[in-house]
Amino acid sequence: MILPTDPKASYLAQAQTFDRAFREVMMSGLYIMGPKLRAFEEHFASYLGVRHCVGVASGTDAVQLALRACGVGEGDGVVTAAHTAVATVSAIDWMGARPILVDIKEDTYTISPESVAETLRRGQERRIKAIVAVHLYGHPADLTALKHIAEEYGVALIEDCAQAHGATLGGRKLGVFGMCGAFSFYPTKNLGAFGDGGAVVTEDAVLDGKLRRLQQYGWRERYISDEIGYNSRLDELQAAILDCKLPTLDSGNERRRSIAKLYTEGLAGLPIVTPTEGAGCRHVYHQYVIRLADREGLRHALDTAGIKTSILYPVPIHLQPGYRERITLGEEGMMVTERIASEILCLPIYPEMSVRSVQQVIEGIQTFFGRK
Ligand SMILES: *Cc1c(COP(=O)(O)O)cnc(C)c1O
């Protein structure tokens with residue numbers, strides 16, 4: 001059986017190192033807000049080339065705290081893509097802001113800058129305060145255009161980097177372009193813990209201070225709350241595990257890229273749209289996503305052959321039963337989002353995946369199209 005992703009394989013790859021780290025934390029007697037968190041925050045910031053990193057409890061919290069640190073509050077509008085993890089939108093909604101959703105670009109599946117610009121131009125009465133750019137599947141959103149738009153309209157740009165650890169634009173790591181970058185360390189992400197976790201990064205010392213207060217009850221110092229905060233901390237065990245995994249992030253991404261290359265070469269000539277990589281972009285293939293007319297047919301054929309695929313995401317957020325009523329639609333429609341939702345399919349991809357498994361997936365697809 002070939003799984004879409006396999007976090008246990010990442011444990012087995014370095015089991016002794018993790019077991020040692022686990023034991024070290026357990027014996028330290030310090031399980032929250034200790035030296036492992038400080039070390040990881042420092043190492044992750046330095047890996048990204050950014051000044052500050054604050055470990056939080058999840059990627060959803062990372063987006064939420066980033067928005068609040070940037071001054072977004074109750075009733076404010078926040079623009080993001082309808083084609084994303086529901087977490088991006090739930091983070092906006094939970095803090096009392098209003099999600100305003102727009103379409104994506106057909107080539108990279110990331111937020112359409114034209115739709116964002118048009119929504120900001122026509123939506124003056126909507127009190128729009130921020131744009132959340134999601135680097136979906138590991139490909140950079142169009143940050144050059146989005147930064148320009150954010151500056152023109154005086155709104156905050158926040159990057160949702162939950163699927164893009166180590167991806168770059170013009171040689172710079174994602175997460176450093178906006179006011180804040182939000183990361184998730186959910187186990188299947190490119191950098192994943194063995195539990196929940198997240199982080200917010202920023203260049204700005206004032207934002208860093210706000211994030212640290214929000215992270216823990218609004219505390220300025222212990223037991224003195226300057227504002228209303230959360231309890232959103234990255235624990236010592238997860239921080240220690242992430243610190244063990246960080247040195248292998250680049251090689252893991254490299255493996256994902258070579259698997260993607262095998263797929264793209266192996267699927268050439270079939271009636272399938274394979275992923276593209278924009279100029280100056282380094283895609284880290286959190287997902288390898290193809291598009292085809294008979295998505296369900298292929299999915300079923302692969303499943304029968306023991307190859308498990310996934311669909312990120314089958315239903316756009318503005319059509320989700322729980323969110324439909326809570327969403328404002330931006331300008332320029334949802335043409336691309338709604339069309340691709342029934343065409344996309346995510347093929348198995350993770351660093352420990354064997355070349356033989358990749359070949360099996362390619363052969364399964366070729367067989368489906370009668371090419372083998
Ligand atoms: C995974 C993910 C999140 C949420 O992360 P959690 O750690 O599960 O809260 C947010 N945005 C995107 C794009 C994601 O893929």
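The values are calculated or read from the model by the stated rules, or taken from the named source; none is laboratory data. Remember, predicted model here, so these are calculated numbers, not experimental data. All Cβ positions, even for glycine, are placed from backbone atoms using ideal geometry, and neighbour counts span all protein chains on display. Just so you know, the surface numbers come from the protein's heavy atoms only, side chains and all, with ligands and any DNA or RNA stripped out. Shrake-Rupley method; radii C 1.70, N 1.55, O 1.52, S 1.80 Å.
Things worth noting here:
- Matching residues in segment 267-290 - criterion: being open to solvent by 20 Å² or more (accessible area, probe 1.4 Å) and either touching an Asp or Glu at 6+ places or on another chain (Cβ under 8 Å) or in a strand (DSSP E or B) (or both): Val273, Thr276, Gly278, Cys281, Arg282
- Of all residues in segment 40-66, those satisfying the criterion of being more than 14 Å from the ligand (Cβ to nearest atom) and open to solvent by 30 Å² or more (accessible area, probe 1.4 Å) are Glu42, His43, Ser46, Tyr47, Gly49, Arg51, His52.
- The sole residue among Ile111, Ile100, Ile104 that is in contact with a helix residue (DSSP H, G or I) (Cβ under 9 Å, 6 or more places away or on another chain) and farther than 20 Å from Leu174 by Cα is Ile100.
- All conditions in (1) free of Cβ contacts under 8 Å to residues at least 24 places away in the same chain; (2) farther than 22 Å from Thr188 by Cβ hold for Thr274, with the sole exception of (2).
- Segment 153-170: number of residues that are more than 16 Å from the ligand (Cβ to nearest atom) and in contact (Cβ under 8 Å) with a residue 12 or more places away in the chain: 6
- Out of Gly330, Gly297, Gly306, sole residue that is open to solvent by less than 40 Å² (accessible area, probe 1.4 Å) and touching a helix residue (DSSP H, G or I) at 6+ places or on another chain (Cβ under 6 Å): Gly330
- Some residue of segment 164-171 being on the phi < 0 side of the Ramachandran plot, assigned to a helix (DSSP H, G or I) and open to solvent by 10 Å² or more (accessible area, probe 1.4 Å): no
- Every residue from segment 122-140 that is assigned to a loop (DSSP other than H, G, I, E, B), open to solvent by less than 70 Å² (accessible area, probe 1.4 Å) and more than 11 Å from the ligand (Cβ to nearest atom): Gly123, His139, Pro140
- Within segment 215-223, the presence of at least one residue that is outside the structural domain of His283 (by TED's automatic domain parsing), out of contact with any Asp or Glu (no Cβ under 6 Å at 6 or more places or on another chain) and surrounded by 22 or more Cβ atoms within 10 Å (Cβ to Cβ) is confirmed.
- Meeting the requirement of 1 or more residues that are within 11 Å of the ligand (Cβ to nearest atom), the strands (runs of 3 or more DSSP E) wholly within segment 172-238 are 180-184, 198-202.
- Positions within segment 67-91 being within 11 Å of the ligand (Cβ to nearest atom) and not in a strand (DSSP E or B), in sequence order: His83, Thr84, Ala85, Val86, Ala87, Thr88, Val89, Ser90, Ala91
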